[in-house]
Amino acid sequence: MERKEILIDELFPQDIFNRLVGLVKRNYKNFEYNEFFGRYGCSSDLWRAIMPYFNRSVNVARDVFESPTLLPSYALACHYEGDLAELVKHKDNNACTYTIDLHLYSDTDWPLIVEGREYILKPNQALAFYGEEQEHWRPPFPSKEDNGVGAAFFHFVEPEHWFFTGEGK
C-alpha cells in the first residue's frame, strides 16, 4: 500500500499554538545544539513544557493515520539556523512510524520534501507522514543573517513497536 502524506491546516487552536511558538522562541538558545543537523533541539529541562502539546496531538494522529491504537513515542521542538542547518534525505530509524511535522515559524520558506513532493508549510500547518517508510529531507538551508526556522516533531508508534516492547531494534 502506498503511503501518502496528509497536510493539516491548523494543528492547534491559535492561542495554544501561540504559546508553543513563544515557548520555543524564548528558550531555543538553551536547547542542546546538534551540529550534525545545525539545530537547537528541546532539552530535557523543557520536556515537561512540551508534553502538553504532544499529548494534544495524539487524537489528531489517530484520526489522520487511521490508527486508534497508535501511541506517542517522543517529540522534539527545535530551531534551525546558520550555515550548518540541514536535513539530509533519510528514513527515520527511531520510534517514528507516524510523524507529524509542525511548522512553528520562519523568516523565509524552507520546504519539506517527502518522497519527492515539496511542501512549504505555514505557521500552525503540519505534515503527517510515515517517517520510517517515506524518505524525507529539506533542500539546502536558505542561509541569511537572522534567519531561523522553528518546528515541532510529534512521533507515534503502535503498541507492538520495539519502542514499547524492547525487542527487535
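Couple of notes before you dig in:
- Relative contact order (%) - criterion: Cα under 8 Å, at least six apart; region: the chain: 30 percent
- Share of alpha-carbon pairs per 10 Å distance bin for region 8-72, given as whole %: 19, 40, 35, 7
- Net +/- balance of residues flanking Phe129 in space, Cβ distance below 11 Å, scoring K and R +1, D and E -1: -3
- Karplus (6.51, -1.76, 1.60) ³J(HN,Hα), θ = phi - 60°, over region 123-129, in Hz, Gly and Pro reported as x: x, 6, 8, 9, 10, 9, 8
- Between amide H atoms placed 1.01 Å from N, distances below 5 Å from Asp107 occur with Gly148, all of them 5 or more places distant or on a separate chain.
- Cβ-derived FRET efficiency at R0 41 Å, Phe36 paired with Glu160, nearest 0.05: 0.85
- Amide H contacts of Leu11 (H built 1.01 Å from N, in plane; Pro and chain starts excluded): Ala126 sit under 5 Å, all sequence-distant by 5 or more or on other chains.
- Nearest-20 debye value, region 72-156 charge dipole, Cβ charges on Lys, Arg, Asp, Glu: 200 debye
- Straightening the chain between Asn55 and Ile16 buys 12.8 nm, computed as 0.36 nm per residue apart minus the Cα-Cα spacing.
- Principal axes of region 6-160: Cα extent on each, largest first, Å: 44, 33, 26
- Rounded to the nearest 20 debye, dipole of the chain from Cβ charges on Lys, Arg, Asp, Glu: 420 debye
- Inter-probe distance in nm under a simple model that places probes 7 Å from Cα toward Cβ, at Leu76 and Glu132: 1.7 nm
- Solvent-free Debye scattering, log10 I(q)/I(0), computed from the Cα coordinates of region 61-143 at q = 0.18 Å⁻¹: -0.83
- Multiplying the residue separation of Arg26 and Asp107 by 0.36 nm and subtracting their alpha-carbon distance yields 27.6 nm.
- Just checking the listed ones, His103, His90, His79: in the Gaussian network model of the chain with Cα springs under 10 Å, the one fluctuating most is His90.
- Gaussian network model of the chain, springs between alpha carbon atoms under 10 Å - residue of Arg56, Arg26, Arg39 with greatest fluctuation: Arg26
- Modelled FRET efficiency - R0 35 Å, Asn147 with Arg3, Cβ distances, 0.05 increments: 0.65
- On Cα atoms only, tilt of 44-64 relative to the major axis of the chain in degrees: 50 degrees
Rule-based calculations on the coordinates, nothing more; no lab input. Computed from a predicted structure; not experimentally measured. When we count neighbours, we look across all protein chains shown, and the Cβ atoms used for this are built from the backbone with ideal geometry, even at glycine.
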